[in-house]
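These notes concern the structure reproduced below.
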2 protein chains.
Amino acid sequence: MKVGIIGGTGNIGEGLARRICISGKHDVIIGSRDPAKAETAAGGVTEALSERGVGFSACSGGANADCCDADIIILSLPFDKIESTIEAIGKEKFENKVVVSLINPMLRYPEEKCFLHDSPAETSAALAIKKMLPESAKLTTGFNNVAAGKWMRLDEELDYSVVVCGDDKDAKDTVRELVADVSKLQPLDGGPLKMSNIVESITPLVITLAMNNGLKDVGVYFR
Amino acid sequence: MKVGIIGGTGNIGEGLARRICISGKHDVIIGSRDPAKAETAAGGVTEALSERGVGFSACSGGANADCCDADIIILSLPFDKIESTIEAIGKEKFENKVVVSLINPMLRYPEEKCFLHDSPAETSAALAIKKMLPESAKLTTGFNNVAAGKWMRLDEELDYSVVVCGDDKDAKDTVRELVADVSKLQPLDGGPLKMSNIVESITPLVITLAMNNGLKDVGVYFR
């Protein structure tokens, strides 16, 4: 498959691109508002993977809109950038597409040393994004709770659980296949998209647990 | 320590009593509206533990109010029974007490094969219960996400993560010590009580994951 990562020049986006390409199974296109920046990021991915001396699939860079040629489009942007980005790309480019949100809107409470989910009125970023996309787009969650610091460090396997919620069974199956090809991640069917507020909330919890228990890069396992 | 379990005649309450007594470190008093029922449950705990031929601490039964003599009071009741139970016991009995809520209010959506957190206006059962207790009571979450079916099966160790949220550091430390004495549970400091809506939400998620992935007794690990 071909995977497009909109906003793929951030740490998570680029780490995710590395992890997907190293599987050797899926080509990646990194998208950015600034295509030159995306090309630089893609070059960085290719360079990092070349150094490892093992096979990997192709990574290219382009405009965010170019990501919509892919089979799966991953949204890797802050929540408050999503609506304007979809508008700039053109909503119609997402018709019938499988789209993945790994977005977890959060609020920090520094005095209480914790983070909470910053719920939009729809209860989750995913449900809010669903409204921004055409009805034919098939949105799922995915990769939400993977510790951000772990994506880039290719020497460390990722063996976390990844909960895929969505309202279209085929789209969920497609995303779960992709998840299963990334390091040792364990995809789980998390039911309908209305479950996404719980999935998104786990990220502020794991960050709070790290802060309060002297831990680093806390992940979640459902077993 | 002495641990009181209000509503301790249910499966979770009785399983928890077994698990605490088998540690040999803490006596348990099971409370019920019907003290005779609590005595029967306590007898069942004692019998189940005697059969194992290893040491264990004492388990007795009594009225719910008797649980308030304990050092830690665990509330093991459906959320909609909490307010009337606290009123029947007398709110003043909870003055200065360490109280643990393992309650996760949930709504089932049978058509969509999922469960969601049934948030009270306060965002969590724990925050709602805090309002029902005297200001001097120190409420924490604890044991919320342990798979219900696992409590009673003493041959299976419990090695899940248990997130303890609360606004009083000493109370959290006390509850975390208790958690650490139950099977192989791993207590974690989950920050203030306002984090409890996330902790409570994980239970409907793990039940949904079990339903949708052909799994049984799914638990959660933060690592």
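The values are calculated or read from the model by the stated rules, or taken from the named source; none is laboratory data. Bear in mind that the values here come from a model prediction, so they are computed numbers and not experimental data. Because the Cβ atoms are built from the backbone with ideal geometry, glycine has one as well, and the counts that use them run over all protein chains shown. Each accessible area value is taken on the protein alone, full model and side chains, heavy atoms only, with ligands, DNA and RNA left out. Shrake-Rupley method; radii C 1.70, N 1.55, O 1.52, S 1.80 Å.
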Assess whether residue B:64 counts as being away from chain A (no Cβ under 14 Å) and either on the phi > 0 side of the Ramachandran plot or in contact with a Pro (Cβ under 7 Å, 6 or more places away or on another chain) (or both). no
Exception for residue B:25 within (1) part of a helix (DSSP H, G or I); (2) out of contact with any Phe, Trp or Tyr (no Cβ under 6 Å at 6 or more places or on another chain); (3) not hydroxyl-bearing (Ser, Thr, Tyr) falls at (1)
Determine, yes or no, whether residue B:168 is free of Cβ contacts under 8 Å to residues at least 24 places away in the same chain and more than 10 Å from chain A (Cβ to nearest Cβ). no
Among (1) open to solvent by 60 Å² or more (accessible area, probe 1.4 Å); (2) out of contact with any helix residue (DSSP H, G or I) (no Cβ under 9 Å at 6 or more places or on another chain), residue B:52 falls short only on (2)
If I ask for residues that are surrounded by fewer than 19 Cβ atoms within 10 Å (Cβ to Cβ) and among the acidic types (Asp, Glu), which ones from region B:152-198 would you list? B:155, B:156, B:157, B:159, B:167, B:168, B:170, B:173, B:177, B:181
Among the candidates B:124, B:119, single out the residue that is open to solvent by 40 Å² or more (accessible area, probe 1.4 Å), more than 14 Å from residue B:219 (Cα to Cα) and of a type in the set (Ser, Thr, Tyr). B:119
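Anything in region A:65-77 that is part of a helix (DSSP H, G or I) and surrounded by fewer than 18 Cβ atoms within 10 Å (Cβ to Cβ)? List them, or say none. Please lay out each step first, then the result.
From region A:65-77, those part of a helix (DSSP H, G or I) are A:65-69; that's our starting set.
Scanning region A:65-77 gives A:65, A:69.
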For residue B:211, only one of the following conditions fails: (1) open to solvent by 40 Å² or more (accessible area, probe 1.4 Å); (2) farther than 22 Å from residue A:207 by Cα; (3) in contact with a helix residue (DSSP H, G or I) (Cβ under 7 Å, 6 or more places away or on another chain); (4) at the interface with chain A (Cβ under 9 Å from one of its Cβ atoms). What is its number? (3)
Give A:112, A:122 a once-over and let me know the one that is within 23 Å of residue A:189 (Cα to Cα) and free of Cβ contacts under 8 Å to residues at least 12 places away in the same chain. A:122
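Quick check on residue A:88: is it assigned to a helix (DSSP H, G or I) and modelled with pLDDT under 95? Walk me through how you get there before you give the answer.
Values: assigned to a helix (DSSP H, G or I): yes; modelled with pLDDT under 95: no.
So residue A:88 fails the test.
Quick check on region A:171-179. Is at least one of its residues β-branched (Val, Ile, Thr) and free of Cβ contacts under 8 Å to residues at least 60 places away in the same chain?
Start the filter on region A:171-179 by keeping residues that are β-branched (Val, Ile, Thr), which leaves A:174-175, A:179.
Going one step further and asking which of them are free of Cβ contacts under 8 Å to residues at least 60 places away in the same chain, we end up with A:179.
The answer is yes; a qualifying residue exists.
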In region A:147-187, what count of residues is obtained for those that are in contact with a Ser or Thr (Cβ under 7 Å, 6 or more places away or on another chain) and polar (S, T, N, Q)? 1
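Looking at this structure, is residue B:80 farther than 17 Å from residue B:136 by Cα, open to solvent by 60 Å² or more (accessible area, probe 1.4 Å) and at pLDDT 95 or above?
yes
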Across (1) of a type outside the set (Phe, Trp, Tyr); (2) within 13 Å of another protein chain (Cβ to nearest Cβ); (3) over 16 Å from the mean Cα position of the chain (by Cα), residue B:153 clears everything bar (2)
From the option list B:10, B:62, B:90, single residue qualifying as in contact with a Gly (Cβ under 7 Å, 6 or more places away or on another chain) and surrounded by fewer than 23 Cβ atoms within 10 Å (Cβ to Cβ) is B:62
Against the condition surrounded by 20 or more Cβ atoms within 10 Å (Cβ to Cβ) and either facing another protein chain (nearest Cβ under 10 Å) or over 16 Å from the mean Cα position of the chain (by Cα) (or both), how does residue A:139 come out, does it pass? no
Note on region B:13-49: residues among the hydrophobic types (A, V, I, L, M, F, W, C), within 21 Å of residue B:174 (Cβ to Cβ) and open to solvent by 10 Å² or more (accessible area, probe 1.4 Å) are B:22, B:29
Applying the selection to region A:89-109, what residues are of a type outside the set (A, V, I, L, M, F, W, C) and touching a residue at least 60 places away in the same chain (Cβ under 8 Å)? A:101, A:104, A:105
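Just to be sure, is residue B:100 within 15 Å of the chain's Cα centre (by Cα), away from chain A (no Cβ under 14 Å) and crowded, with 23+ Cβ neighbours inside 10 Å?
yes
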Where a residue in region B:181-207 is more than 7 Å from chain A (Cβ to nearest Cβ) and on the phi > 0 side of the Ramachandran plot and its partner, wherever it lies, is of a type in the set (Val, Ile, Thr) and part of a helix (DSSP H, G or I), with Cβ under 9 Å and at least six apart: B:183/B:22
Which residues, taken from region B:168-185, are in contact with a helix residue (DSSP H, G or I) (Cβ under 9 Å, 6 or more places away or on another chain) and either within 24 Å of residue B:204 (Cα to Cα) or among the basic types (Lys, Arg) (or both)? B:182, B:183, B:185
